[in-house]
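Take a look at the structure set out below.
All of the numbers you see were taken from the coordinates with simple rules; none came from a lab. Computed from a predicted structure; not experimentally measured. Cβ placement follows ideal geometry from the backbone for every residue including glycine, while neighbour counts extend to all protein chains displayed.
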Amino acid sequence: MSLDTWIAYTIACVVLTVIPGPSVLLVIAQSLTRGRVAAAMCILGDVVGSIVLVGLSFAGVGAILAASALLFQIVKWVGVLYLAWLGIGQIMEARRDSPERVSHAGDASSWSSFWAGTVTAVLNPKAIVFYMAFLAQFIDPQGDLPVQLAVLTVTSSLVVVVLLAGYALIAERAGRLFDSRRARRRMGYAGGGVMIGGSAVMAVTR
């Protein structure tokens with residue numbers, strides 16, 4: 001892989017990742033309502049999910065989804081409902097728990113944030129089809145395929161970590177400006193609303 005190809009791929013990953021989508025909105029919600037540890041675990045889950053998507057795309061699953069409109073819609077709506085369920089659960093948690101627990105609930109269950117990030121990434125069929133078409137443009141068929149896939153996967157993972165961490169940090173600092181009991185509870189509502197918004201984004205994406 002040439003340096004120019006790698007730079008072009010990196011820039012493309014930055015542009016595509018920085019645009020808010022379901023994963024970005026989920027990380028922001030986790031940072032607002034559960035803190036930096038939960039947000040970090042969510043980002044880790046998203047990276048793992050993205051790596052799984054790369055493997056599925058090159059295994060041919062992306063082609064199957066692209067060819068079957070029904071299967072594409074099934075996977076898509078499972079992802080939509082899952083993210084909406086997470087958002088509704090967050091809002092219900094904010095209503096019934098104390099403000100302190102709303103603010104720090106994720107500290108004891110950060111693995112739930114990891115799985116939320118992983119499942120949200122994997123259940124995005126559009127991403128599978130995208131990886132199948134996108135990565136192929138940067139691969140030299142005459143070169144060493146495993147090495148190229150490794151370089152592209154590591155690069156995209158690092159881009160995701162850096163940019164999502166930036167979103168999480170901004171959200172966490174914004175949340176610190178609201179230190180009253182009522183404000184912390186409203187943060188729980190806002191976090192749930194952001195997750196539901198992410199499911200809406202996924203729902204309208206064709």
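The packing ranking of peptides 28-39, 47-58, highest mean first, is 28-39, 47-58, where packing means the average number of other beta carbon atoms within 10 angstrom of each residue. Rounded to the nearest 0.05, the FRET efficiency derived from the C-beta distance between LEU169 and LEU70 at R0 = 30 Å is 0.15.
Measuring r between the beta carbons of ILE88 and VAL52 and using R0 = 45 Å, the FRET efficiency lands at 0.95. Each residue, TRP111 and VAL154, gets one label point 7 Å from its Cα in the Cβ direction; the gap between the two is 2.9 nm.
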